[in-house]
1. Could you tell me whether Leu28 is more than 10 Å from the ligand (Cβ to nearest atom) and either in a helix (DSSP H, G or I) or among the charged types (D, E, K, R) (or both)?
2. Given the residues Ala23, Ala15, Ala55, which is the only one that is part of a helix (DSSP H, G or I), in contact with a His (Cβ under 6 Å, 6 or more places away or on another chain) and at pLDDT 95 or above?
3. What about Val109, is it open to solvent by 40 Å² or more (accessible area, probe 1.4 Å) and under 18 Å from Leu26 (Cβ atoms)?
4. When the stretch 73-84 is examined, which residues are found to be near the ligand (Cβ under 9 Å from one of its atoms) and in contact with a helix residue (DSSP H, G or I) (Cβ under 6 Å, 6 or more places away or on another chain)?
5. Going through the stretch 67-111 one residue at a time, which ones are of a type in the set (Gly, Ala, Ser) and in contact (Cβ under 8 Å) with a residue 40 or more places away in the chain?
6. I'd like to know if the stretch 32-42 contains one or more residues that are crowded, with 17+ Cβ neighbours inside 10 Å and of a type outside the set (S, T, N, Q).
7. Given the criterion of a type in the set (Val, Ile, Thr) and assigned by TED's automatic domain parsing to the domain that holds Lys8, identify the matching residue among Val111, Val62, Val78.
8. Would you check if there is a residue in the stretch 65-73 being of a type in the set (D, E, K, R) and not in a loop (DSSP other than H, G, I, E, B)?
Amino acid sequence: MTTYMILKLLHMTAAYLTITLFALRLLLDAVGRPGWRQTPLRWIPHANDTILLVAAISLLFVAGYASDMPGWLMAKIVLLIGYIVAGVFAMKPAFSTPVRTVAAIVALVQVSAIFHLAMAKPVLG
Ligand code: HEM
């Protein structure tokens, strides 16, 4: 297996895990089980997201995107920032339920768009 294939596999595995872990935490909060914050579920998503990003940045160089970044990749990075910000609002118990619900929907829409861009690689701009 080439370095590119290993990094892409790692990145994709972490990508599917990030959405699964995000949805799981939303679900646990929605059913009144906020106790996940006292379990490894508190830090596992952060470890996974670190792997996701390190693999993503490595892929940029290994696949040769770093020097000439396509539009779909730039859009992915912008959406990633939006996903992180919305995700913080969705997860924080300090915010009201309506704010957290809207933030959760916005985060899910953005991460879906990231998956779409990653898979379809449309020509943008
Ligand atoms: C939540 C964030 C992200 C998710 C869910 C995600 C998801 C994915 C998925 C599913 C693929 C495989 C697409 C395929 O089937 O070919 C992929 C590929 C890739 N992603 Fe991400 N990604 C994310 C963030 C990023 C970021 C921030 C970068 C850049 C800094 C990035 C760079 C790449 C690159 C370079 C590829 C390989 C494209 C190729 O050569 O086919 N990703 N991503």
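1. It is true that Leu28 is more than 10 Å from the ligand (Cβ to nearest atom) and either in a helix (DSSP H, G or I) or among the charged types (D, E, K, R) (or both).
2. Residue meeting the stated conditions: Ala55.
3. Details: open to solvent by 40 Å² or more (accessible area, probe 1.4 Å): yes; under 18 Å from Leu26 (Cβ atoms): yes.
Here the answer is yes, as Val109 does meet what is asked.
4. Lys76, Leu79, Tyr83 - these are the residues of the stretch 73-84 that are near the ligand (Cβ under 9 Å from one of its atoms) and in contact with a helix residue (DSSP H, G or I) (Cβ under 6 Å, 6 or more places away or on another chain).
5. Correct list: Gly71, Ala75, Gly87, Ala90, Ala104, Ala107.
6. The answer is no, given that none of the residues of the stretch 32-42 is crowded, with 17+ Cβ neighbours inside 10 Å and of a type outside the set (S, T, N, Q).
7. Val62
8. If we filter the stretch 65-73 for residues that are of a type in the set (D, E, K, R), which is where we start, we get 68.
Still in the running and not in a loop (DSSP other than H, G, I, E, B): none.
No.
The values are calculated or read from the model by the stated rules, or taken from the named source; none is laboratory data. From a predicted model like this one, the values you see are computed outputs, not experimental measurements. Note that each Cβ is placed from the backbone with ideal geometry, even for glycine, and that neighbours are counted across all protein chains shown. With ligands, DNA and RNA removed, areas are computed over all heavy atoms of the protein, side chains included. Shrake-Rupley method; radii C 1.70, N 1.55, O 1.52, S 1.80 Å.
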